[in-house]
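Take a look at the structure below.
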There are 2 protein chains.
Amino acid sequence: MALSEAEFLTGYDPGAYDRPSVAVDLVLMSVIGGAPAALLVRREEPPFAGRWALPGGFVRMDEGLDEAARRVLGDKAHMAGAYVEQLYTFGAVDRDPRTRVISVAYFALLPADCFAAALKADGSLSLARIAVPRTTGDVAGEAWSEDSALPLAFDHAQVLGLAVQRLRGKIDWSPVGFALLPERFTLRALQDVHEAILGVPLNKPAFRRRMLDRGWLEPTGERETGSSFRPAELFRFRSLPISG
Amino acid sequence: MALSEAEFLTGYDPGAYDRPSVAVDLVLMSVIGGAPAALLVRREEPPFAGRWALPGGFVRMDEGLDEAARRVLGDKAHMAGAYVEQLYTFGAVDRDPRTRVISVAYFALLPADCFAAALKADGSLSLARIAVPRTTGDVAGEAWSEDSALPLAFDHAQVLGLAVQRLRGKIDWSPVGFALLPERFTLRALQDVHEAILGVPLNKPAFRRRMLDRGWLEPTGERETGSSFRPAELFRFRSLPISG
DNA sequence: TTTACTTATTCGCGATTTGAATATAAGTCA
DNA sequence: TGACTTATATTCAAATCGCGAATAAGTAAA
């Protein structure tokens, strides 16, 4: 049997075949007001004019994929420090009506304040609330703004849904949750983030115990200010657990 | 600030930019003799002549990514029923010395007997044992054949390592393990697969309990044959747990 | 200054899960 | 028939988890 593998590995001519365009799309997420939110841009031209889309850009020949994602991220203000992770690659033949575009989706996590600052700095961006079903099943990936459903361009609803799913799956065993908080935060704020992502209320003492036992948190002797009642202690994310 | 998003979404000309080639590479895994194994092909031409590589192929303009992965899989015999899942997309600028190639990696899981049959049917394929460190840390992604290290082409060692990592992360909460076994199997065989992937011995009664409680297993009244001692019951993977 | 109020933080318990050793069952083979 | 080996079931202690309640620490009003 002839192997397609052998076909191209032995004598490959770069100019012989048509090549698809490759883009990166970013799901820029945060937790705003107790609900997960994503950053969208409004499309002014066809296709999908008037709809909302994930920010993205084509991958240049002289940059890697992560580099391209960082570049797209850097185009917006206040987003340099975001946590970025590759999500999935979407390559259905007809996902873009103009031409074949393969999109490598990334998701990025930002603290609420950076997110809000970026939103204010650029008028064409929009925050969208993500519908989080209470059931533990799959995530619809629908976006909402002020209680009205937001129609998304391309297959971006699917991308959004997968981003929420991925975040949900990772948040209780990986330290990604800290990327959604400022450098110093209270345990209550951390729990709020977890509850917003998972869509369920969590038990306070148990959550506290788990987090503290993991060794990811470093107490700064400081306390929260401005609270009307007993101020909570501020913690910091300790990237390297001190071994030994 | 000018958005790169707006730049290309508003007036995109498909012919205006150079485009990278897009390929799919497959990490075809199984568990052979109590150790994880992957299928590799020997490269006869430069670059990386003499080294081993993952089977792969370029994505055609008229097929989706999953479709391309299935096609590359179908080129080999005995592999139609494999479990296939997208793994990660590798896009470093210089990962292929000939030209820019972005590779969407997939991993596929096969029962040991199908794997062996495919190996016998094609002489250019080779089975490689994957080095699984006993520590719970990261996976090196080194391939071994008969106790000698196998130098891999391109960034395929990295791809291999990520595949093992992904499989390890999924095996105890997702039913992927069943894809590595024939249709009917004993609990001991299932445990052997889990131990091979994780690289640690597991507690037998606890493993049995967990698996049975999950509701994924359906007992076929039959028993294993050919064993010299008490034959174990054969189970079948029940895809849909009967709800209600 | 004192007291009410609200939230942070800790404590303590029962229920559930987990790890591991042991007992029993069921086949083959000498 | 009995020794042998593995499957399967039982049992028990340890660790974990959910959850309610007690205690602590601030602010704001009396």
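The values are calculated or read from the model by the stated rules, or taken from the named source; none is laboratory data. Since the model is a prediction, treat every value here as computed from it, not as a measurement. Reconstructed Cβ throughout: ideal geometry from the backbone, glycine too, with neighbour counts over all protein chains shown.
Worth a mention:
- Matching residues in segment A:184-206 - criterion: being within 11 Å of DNA strand C (Cβ to nearest atom) and either under 17 Å from A:Gly34 (Cα atoms) or among the basic types (Lys, Arg) (or both): A:Phe185, A:Thr186, A:Leu187, A:Arg188, A:Ala189, A:Leu190, A:Gln191, A:Asp192, A:Asn203, A:Lys204
- Listed here are the helices (runs of 4 or more DSSP H) enclosed by segment A:150-244 that have at least 3 residues being out of contact with any Ser or Thr (no Cβ under 8 Å at 6 or more places or on another chain) and touching a residue at least 40 places away in the same chain (Cβ under 8 Å): A:156-170, A:187-198.
- The residues listed here are B:Ala118, B:Ala23; of these, the one that is part of a strand (DSSP E or B) and either within 11 Å of chain A (Cβ to nearest Cβ) or more than 30 Å from A:Arg95 (Cβ to Cβ) (or both) is B:Ala23.
- Restricting A:Arg209, A:Arg188 to residues that are loosely packed, with under 12 Cβ neighbours inside 10 Å and within 16 Å of DNA strand D (Cβ to nearest atom) narrows the list to A:Arg209.
- Filter pass, B:Arg223 being in contact with an Asp or Glu (Cβ under 7 Å, 6 or more places away or on another chain), more than 14 Å from chain A (Cβ to nearest Cβ), over 19 Å from B:Ala35 (Cα atoms) and away from DNA strand D (no atom under 12 Å from the Cβ): no
- Qualifying positions in segment B:187-244 - of a type in the set (Ser, Thr, Tyr) and over 25 Å from B:Arg166 (Cβ atoms): B:Thr220, B:Thr225, B:Ser227, B:Ser228, B:Ser243
- Residue within segment A:65-74 that is outside any loop (DSSP other than H, G, I, E, B), surrounded by 17 or more Cβ atoms within 10 Å (Cβ to Cβ) and of a type in the set (Val, Ile, Thr) present: yes
- When residues of segment B:207-220 are limited to those that are touching a Lys or Arg at 6+ places or on another chain (Cβ under 7 Å) and within 15 Å of DNA strand C (Cβ to nearest atom), the one nearest to the other protein chains (Cβ to nearest Cβ): B:Trp216
- Checking segment A:133-144 against the condition returns no match, with no residue being modelled with pLDDT of 95 or more and more than 14 Å from the chain's Cα centre (by Cα).
- With respect to the conditions (1) more than 13 Å from DNA strand C (Cβ to nearest atom); (2) surrounded by 11 or more Cβ atoms within 10 Å (Cβ to Cβ), A:Pro231 lacks only one, and its number is (1).
- Residue within segment B:192-199 that is acidic (Asp, Glu) and loosely packed, with under 15 Cβ neighbours inside 10 Å present: no
- Considering residues of segment A:80-96 that are part of a loop (DSSP other than H, G, I, E, B) and in contact (Cβ under 8 Å) with a residue 24 or more places away in the chain only, the residue surrounded by the fewest Cβ atoms within 10 Å (Cβ to Cβ): A:Gly81
- Count of residues meeting criterion [at the interface with another protein chain (Cβ under 7 Å from one of its Cβ atoms) and under 19 Å from B:Ser103 (Cβ atoms)] in segment A:94-107: 3
- Among the residues making up segment B:170-183, a single one is more than 11 Å from DNA strand C (Cβ to nearest atom), surrounded by 14 or more Cβ atoms within 10 Å (Cβ to Cβ) and within 14 Å of another protein chain (Cβ to nearest Cβ): B:Lys170.
- Residue in segment A:145-159 that is farther than 18 Å from A:Val31 by Cβ and within 16 Å of DNA strand C (Cβ to nearest atom) present: no
- Taken over segment B:37-79, the criterion of being facing another protein chain (nearest Cβ under 7 Å), over 19 Å from the mean Cα position of the chain (by Cα) and farther than 26 Å from A:Arg100 by Cα is satisfied by B:Arg43, B:Glu44, B:Glu45.
- Only one of the numbered conditions (1) out of contact with any Pro (no Cβ under 9 Å at 6 or more places or on another chain); (2) at pLDDT 90 or above; (3) more than 25 Å from B:Gly91 (Cα to Cα); (4) among the hydrophobic types (A, V, I, L, M, F, W, C) is not met by B:Leu160, and that is (3).
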